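Working notes, beginning with the structure itself.
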Amino acid sequence: MNLKQCCETLEIHENASQEEIRQAYRDLVTIWHPDQYQKNSRLQEKATEKLKALNTALDTLMALRQANRTNPVRHQGAPEKRTRQAAVPKKRKRSFSLWILLLASVAFTALALYLRWPFPLPGQARQGTVTDSGSSAHTLARARLDPEQVGGLQQALTRMGYDCGPADGTMGPKTIRAAQQFAIDFQLVRNGNFVESLLAESSRQASITQVHADWPANVNSKDFGHWIDHQNITSPDTCREVLSSGSAAQVINLIYFYIFDREKPASIKLPETGIVEKRFYRGMAPLTIKTRNESRHFFVKLLALPEQKEVLATFIRSGDMLKLSVPLGVYAVKYAVGATWYGTQWLFGSETVYSRIEKDIEFTFADNEITGYSIELYIEPTLLSKKAGDYAFDF
């Protein structure tokens, strides 16, 4: 095995130091040790061969380094001439230049670390996050995951643009490296449940990426972080809580408003009063929804309880009334209010006000009678004055 082959086996460059060689060897042995694959004879055999190659590469490189130190090679060229020179006292350089070099070196190192270090969730530093590859590689390599779990992780990472090789259900080196980078990029906290958190978080972030393809590139961008600190739909702290622990649907809604502020779409014509979307075949209980004439329009949703399943969405213009029939059951009513309409994706834009009826409504059939409801919707002035902080991420 020659020098180039040894370096390729250990995945290092030819000028690597002795410590870098040993560190690369230790990292790869952690991944390829045959004891980790006792339940899979095919992988155990492959790991055994890989370990032999790693040992050969390490021994060969160490022998080459020892030979170079014992018999240094002289550069070819003209024969060396030995001449005597009178000793000339060297002038002592000013320490001022040394201080300049030292300060420049510190500044360059700080800048390099700043550019390399992954940004935390906008405006928030999270403690205990994954910032290196050593311990997380060891944890992933020794994780007892079945092929279905590994395959799901590979599919999620691939959807987000990470190169983890084919989704074959095997926790190989490529999959481990991709998972490590994902943990760093998304500031995943390293704790006792690191692997479980990795599986859950990769699935969540992949769901978001399926809707917003550029999400992995935006999550830690300066532009997105600046928007979080200056948006006018809620408080920055609420946004950060949603980003770190909210559902995929909540994060998706937050990104919609980020896109809205960035693209500034034009408003569209107000819909007529009526049903926007209906998810039931037939209704039998009467429901009447009225609004006051206050130059604000209502986008109303009906949610079946206890599943919180959305069954009806309606648009009601200011001062209009809508009559319809719904299935029997218990429902929650929530609504968004505003003056300028941008469509069901952005509703009334960043000026949208959200609210809901505190008491659930129940439609029943008893004594040959069906209960019905008549609701009047309006916005309290106090709610309008507290616009910041009322954004409903799960609307």
Single match in Ser318, Ser325, Ser355, Ser350 (criterion: touching a residue at least 24 places away in the same chain (Cβ under 8 Å), assigned to a loop (DSSP other than H, G, I, E, B) and not aromatic (Phe, Trp, Tyr)): Ser318
So Thr129, is it modelled with pLDDT of 50 or more, under 19 Å from the mean Cα position of the chain (by Cα) and outside the structural domain of Pro236 (by TED's automatic domain parsing): yes
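May I ask you to list the residues in region 146-160 that are closer than 16 Å to Gln210 by Cβ and either touching a helix residue (DSSP H, G or I) at 6+ places or on another chain (Cβ under 6 Å) or of a type outside the set (Gly, Ala, Ser) (or both)? Even if it seems obvious, please write down each step before you answer.
So in region 146-160, the residues closer than 16 Å to Gln210 by Cβ come out as 152-160.
Leu153, Gln154, Gln155, Ala156, Leu157, Thr158, Arg159, Met160 - these are the residues of region 146-160 that are closer than 16 Å to Gln210 by Cβ and either touching a helix residue (DSSP H, G or I) at 6+ places or on another chain (Cβ under 6 Å) or of a type outside the set (Gly, Ala, Ser) (or both).
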Within region 20-36, tally of residues that are surrounded by fewer than 15 Cβ atoms within 10 Å (Cβ to Cβ) and at pLDDT 75 or above: 1
Pick from region 185-235, criterion β-branched (Val, Ile, Thr) and either more than 14 Å from the chain's Cα centre (by Cα) or surrounded by 18 or more Cβ atoms within 10 Å (Cβ to Cβ) (or both), ranking: nearest to Gly161 (Cα to Cα): Thr209
Members of region 219-263 found to be closer than 17 Å to Leu188 by Cβ, at pLDDT 85 or above and not aliphatic (A, V, I, L, M), listed by number: Arg240, Glu241
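Would you call Phe280 outside any strand (DSSP E or B) and either surrounded by 15 or more Cβ atoms within 10 Å (Cβ to Cβ) or aromatic (Phe, Trp, Tyr) (or both)?
yes
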Per-region count, region 4-13, residues part of a loop (DSSP other than H, G, I, E, B) and either surrounded by 10 or more Cβ atoms within 10 Å (Cβ to Cβ) or of a type in the set (S, T, N, Q) (or both): 2
Residues satisfying the stated conditions in region 338-353, i.e. of a type in the set (Gly, Ala, Ser) and either at pLDDT 85 or above or buried (at least 19 other Cβ atoms within 10 Å of the Cβ) (or both): Gly338, Ala339, Gly343, Gly349
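The values are calculated or read from the model by the stated rules, or taken from the named source; none is laboratory data. The structure presented is a predicted model; accordingly, all values stated were derived computationally and were not measured. Ideal geometry is used to build each Cβ from the backbone, glycine not excepted, and the neighbour counts take in all protein chains shown.
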